[in-house]
Each structure stands twice: as C-alpha cells, then as structure tokens.
Amino acid sequence: MPEHRLAIVVIGRNEGPRLAACLASVPAGVTVVYADSASTDDSIAVAGAHGAAVVALHTDTPLTAARGRNAGAYKALERIPDLEFIQFVDGDCTIMPEWLPAALDFLATHPEVAVVCGRRFERHPERSLYNAMCDREWNTPVGKADASGGDALVRVQAFVEVGGFADDQVAHEEPEMCGRLRAAGWEIWRLDVPMTAHDANITRLGQFYRRSRRAGLGISQCLDRGGAGRDPQGTAIVRRALIWGVGLPLAIVASLAVDARLAAVVAAAYPAQLLRQAARNRRQGWSAGQAVRVAALGIVSKFAEAHGVLEYWAARLSNRRHRPVTYK
C-alpha cells in the first residue's frame with residue numbers, strides 16, 4: 001500500500017480509549033491526520049503518541065464533523081501534495097484489515113467512482129437496544145448508492161473538485177457532499193466488505209432522542225442547501241417526521257374541538273403504526289419484546305426528527321446560527 005496514494009483522516013472529541021484503538025487499527029506506514037474538536041481529555045496526546053499529525057480546531061466557529069474532516073483532509077494534502085485517496089474514519093471506529101486493500105483496488109479500477117464505503121457494524125450491539133438498532137441501520141444495500149456514511153474512502157480529485165464538505169453543515173454532511181458529487185457526474189458505491197467497527201455507546205433514551213433530533217436538523221439543512229435531489233432519502237425522512245411528529249398531533253388537537261371520539265380515532269393511528277411496525281420487526285429477526293420496543297422507539301424518533309426539522313427552520317428564519325447537537 002504505497003504511502004503517497006493514501007492518507008487516513010480521523011476526527012474525534014473526547015473519545016479516550018476508542019481513539020487509541022482507532023489509531024492502532026491504521027496500517028503501518030500510512031500517513032494519519034487527527035482533527036480534534038476541542039477535547040478536554042488526552043486525545044491530542046494519544047494521537048501524537050500514535051504518530052498522527054494533529055489539527056486542533058478553534059472554537060470561534062461551531063465544531064462540526066464536516067469542519068474536522070475538511071481540516072484533516074487539507075492538512076494531509078499539505079503533507080502529501082500528490083495524494084490520491086483519503087480514508088475518513090470517526091474516532092470511535094476501528095478499520096477492518098481487509099477494507100483498505102479492497103477499497104483502493106475498487107477506486108483504482110473504477111475511475112468514475114468518487115466515494116466507496118463498506119459494511120460498518122457495531123462493536124457491542126448486545127450492550128443496548130439502541131446499539132443493536134444502529135447495527136441494523138448500518139447494514140444498507142450493496143452497490144451504487146446515493147451517499148456514504150462518515151467512514152468512507154474518497155478520491156481526492158473528486159473531493160477537491162466539489163470543495164469538500166460544507167464546514168457549517170451541522171450533521172448529515174456526507175449525503176450533502178455526495179449529492180454535490182453525484183450532480184457533478186461522480187458515483188458513490190457500497191461494497192460487501194467489512195469496513196469499520198463502530199462504538200455508538202448509546203445507553204439512554206435521551207441519547208437516542210438527541211441523535212434522531214440531530215438527524216432531522218442536519219437533513220433539513222442539507223435539503224435547504226440543495227433541494228430534494230441533494231438527498232432523496234432525506235426528503236422521505238423529513239416527510240414522515242412531519243406527518244407523525246407534527247401533522248398527526250395537530251389533527252388530534254383539532255379533532256378534539258369537534259368530538260372526543262373523533263380525536264380518539266385519529267390518535268389510534270399511533271398504536272396501529274406500532275403494531276404494524278412490530279410485526280415487520282419480528283419478520284426481520286427481532287425477538288417479540290425487542291420488536292415492540294424498536295417499533296415504539298421508531299415513533300419516538302419521528303417526534304425527535306420533527307423537533308430537529310422545526311429547530312432548523314426556526315433558526316433559519318430568524319437568522320440564528322445553527323448549533324451542532326451531540327449525543328455522546
């Protein structure tokens with residue numbers, strides 16, 4: 001794996017031992033840049049001990065994953081001007097040994113592809129239902145895709161051509177950039193190869209809610225930037241969130257003014273949806289108890305996503321700066 005072809009860009013904030021594990025998973029001899037978002041632990045020292053070049057982001061503007069990835073990428077380009085590929089990875093992930101050879105070979109033989117990603121899975125899905133849900137969420141279809149996640153191998157030529165990530169994108173920055181890449185004629189692909197092991201470490205309902213709220217906020221910003229074509233899947237997510245998290249509650253309140261029984265009929269859409277989704281979850285392999293809990297959390301997520309959508313537009317219409325939402 002020639003060093004001049006590849007650099008690894010890791011982003012993180014207070015990841016502790018997870019960051020050390022991430023850096024230890026990088027193949028020997030590959031240039032690594034670590035972009036730190038104002039950690040208060042020993043992350044910067046850990047990165048330095050592992051031989052990574054460190055970029056410490058200033059707090060004068062909001063700390064976003066997009067900003068960290070850009071800073072790391074351009075630092076890597078300073079060090080290796082003829083760089084061809086950058087593997088982006090979050091500091092709570094480790095890189096699987098089979099991933100980089102397969103991904104580099106794919107990009108080398110498919111010049112029309114800008115971004116390639118593989119299978120991300122949860123390291124500890126057994127620790128919480130939230131982690132198990134993330135593990136299922138990562139298992140997206142193989143083949144040509146609309147977007148990648150945060151862990152992906154990116155062709156530098158394409159990255160520079162579209163100006164990288166949008167620094168101020170508070171979340172959902174990968175689909176936003178991938179939308180611009182697709183518009184420029186590039187392709188995004190997902191391979192059936194293990195790529196990274198992730199540690200979501202979500203153990204509380206509040207974390208789950210904030211993560212879903214963050215999604216609604218970031219998707220809204222992405223769609224506001226580029227319209228439905230920028231993120232087709234995000235359009236559907238926002239639509240469902242507004243129906244279940246805003247439209248139906250308003251319909252219940254409005255029907256109360258007419259007849260309480262009508263309001264009860266409208267409100268019955270929630271338990272009906274829960275039972276429908278639970279049956280679907282059961283067919284997908286969840287146990288009976290898990291199927292119901294996952295269905296209930298799916299409804300909770302719609303309210304959280306709607307919260308993020310409304311939060312985005314409230315800030316947008318009042319010309320306030322959007323602040324990133326963290327869940328860890």
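Readers should treat all values here as calculations from the given coordinates under stated rules, not as data from a laboratory. Computed from a prediction, not measured in an experiment: that's the story for all the values here. Every residue, glycine as well, gets a Cβ built from its backbone with ideal geometry; the counts of neighbours run over all protein chains shown.
Comparing mean-square fluctuations of ALA314, ALA228, ALA260 from a GNM of the chain with C-alpha springs under 10 Å, the top value falls on ALA260. Rounded to the nearest 10 degrees, the inclination of helix 173-183 to the longest alpha-carbon principal axis of the chain is 80 degrees. Once Rg and the Kirkwood radius are both taken over the C-alpha atoms of region 67-146, their ratio Rg/Rh works out to 1.01.
Students often forget the sequence filter, so: which aspartates and glutamates lie under 14 Å Cα-Cα from LYS144 once same-chain residues fewer than 8 apart are removed? Within the straight-line limit of under 14 Å, LYS144 reaches these aspartates and glutamates: GLU112, GLU187, ASP192.
What do you get for the angle between helix 232-242 and the principal long axis of the chain? Use alpha-carbon atoms, 0 to 90 degrees, nearest ten. It works out to around 30 degrees.
What's log10 of I(q)/I(0) for region 228-317 at q = 0.11, 0.18 Å⁻¹, Debye sum over Cα points only, no solvent? Values, matching the q order: -0.40, -0.91. Where [x] 139; [y] 263; [z] 156 are the candidate values, the label of the one calculated here for volume of the Cα convex hull per residue in Å³ is [x].
Principal-axis analysis of the Cα atoms of the chain puts helix 129-138 at an angle of about 60° to the longest axis.
Between VAL160 and LYS144, the modelled label-to-label distance comes to 2.7 nm, taking each label 7 Å out from Cα in the direction of the beta carbon. The label point for ARG225 and the one for LEU274, both projected 7 Å from the Cα toward the Cβ, are 3.7 nm apart. In this simple spin-label approximation, ARG79 and LEU262 carry label points 7 Å from Cα along the Cα→Cβ vector, and these lie 6.6 nm apart. Between region 65-86 and region 34-56, how many Å separate their Cα centres? Each part's Cα centre sits 16 Å from the other's.
Straight distance only, please: which lysines reach the Cα of LYS302 with their own Cα at less than 23 Å, same-chain residues fewer than 8 apart left out? Once the sequence-local lysines are set aside, what remains near LYS302 is LYS328.
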